[in-house]
1. Which members of the stretch 76-109 meet the condition of being of a type in the set (A, V, I, L, M) and open to solvent by 50 Å² or more (accessible area, probe 1.4 Å)?
2. How many residues are over 19 Å from residue 200 (Cα atoms) and of a type in the set (Gly, Ala, Ser) if we restrict to the stretch 1-29?
3. Checking the conditions here, which among 136, 148, 143 is of a type in the set (A, V, I, L, M, F, W, C), assigned to a helix (DSSP H, G or I) and in contact with a Phe, Trp or Tyr (Cβ under 6 Å, 6 or more places away or on another chain)?
4. I'd like to verify a number: residues in the stretch 173-182 that are small (Gly, Ala, Ser) and either open to solvent by 40 Å² or more (accessible area, probe 1.4 Å) or assigned to a loop (DSSP other than H, G, I, E, B) (or both), how many?
5. Go through 191, 185, 170 for me and flag whichever is of a type outside the set (Asp, Glu) and crowded, with 21+ Cβ neighbours inside 10 Å.
6. Could you tell me whether the stretch 63-72 includes any residue that is open to solvent by 50 Å² or more (accessible area, probe 1.4 Å), in a helix (DSSP H, G or I) and under 24 Å from residue 142 (Cβ atoms)?
7. Give me a count of the residues in the stretch 23-60 that are open to solvent by 80 Å² or more (accessible area, probe 1.4 Å), free of Cβ contacts under 8 Å to residues at least 12 places away in the same chain and among the polar types (S, T, N, Q).
8. Cβ-Cβ below 7 Å, separation at least six or inter-chain, first residue in the stretch 196-212 and assigned to a loop (DSSP other than H, G, I, E, B), second open to solvent by less than 100 Å² (accessible area, probe 1.4 Å) and aromatic (Phe, Trp, Tyr): which pairs?
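The values are calculated or read from the model by the stated rules, or taken from the named source; none is laboratory data. On a predicted model such as this, the values are computed, not experimentally measured, just so you know. Methodologically, a virtual Cβ is constructed for each residue, glycine included, from the backbone with ideal geometry; neighbour enumeration extends over all protein chains shown. For the accessible areas, the whole protein counts, side chains as well, though only heavy atoms, and no ligand, DNA or RNA atoms are used. Shrake-Rupley method; radii C 1.70, N 1.55, O 1.52, S 1.80 Å.
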Amino acid sequence: MSDVISNLQWRYATKKFDPSRTVEQEKLDTILEAIRLTATSSGLQPYEVLVITNKEIREQIKPHAWNQDQITDCSHLLVFAAWDNYTADRINHMFDLTNEIRGFKNEGWENYRAMLLGIYPQRDAETNYQHAARQAYIGLGSALIAAAEARVDSTPMEGFTPEKVDEILGLKEKGLRSVILLPLGYRAEEGDWLVNLQKVRRSHDGFITEVK
């Protein structure tokens, strides 16, 4: 069995973190870099990740996250925050960055830029936000795998009120909206009802369909 599969079998949605343990900086950096390197539609990276270690801010968030202890007991709280809209400035920034890093302009790439500029900014903001939010979930998947590889526990959490988290973190002023929370840390030795239960997933044949 490959290490990645073994580590994914090891991981679970941790219900109780050990607040005395801190994720090592090297492991945290690896998880964040995995998110940064994740694929996104058209390479636009339409979301950002906030790393919350401030205890007071996490205490403010907790009541708006169903009072779940993972918010305050974890080592680091990641907040995936998507663009609230696709704008010409945001699209152009990423295309200009690509040209700068690669050191040349490509006609096909510039035509693709023009196509996106003719489509995305004309759509309503909610449609664009929903598209950006789906890109954030791709990053979440990378974070879960990277954390498991580093043997860092994690818990993806949708159980929160985004508008309140946005207000606490000042996301509206940054043109961002919170999508999902990801506490990182180390499982507590006791008190987690889920830790020793067998992982349940549909069978391969019940989940995978091969179309030949």
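1. Once the filter is applied, which keeps residues that are of a type in the set (A, V, I, L, M) and open to solvent by 50 Å² or more (accessible area, probe 1.4 Å), the stretch 76-109 yields 97, 101.
2. Number satisfying all stated conditions: 2.
3. 136
4. Final tally of qualifying residues: 1.
5. Result: 185 is the single residue among 191, 185, 170 that is of a type outside the set (Asp, Glu) and crowded, with 21+ Cβ neighbours inside 10 Å.
6. no
7. Going through the stretch 23-60 one residue at a time, the tally reaches 1.
8. Between residues of the stretch 196-212 that are assigned to a loop (DSSP other than H, G, I, E, B) and residues that are open to solvent by less than 100 Å² (accessible area, probe 1.4 Å) and aromatic (Phe, Trp, Tyr), the close pairs are 199/12.
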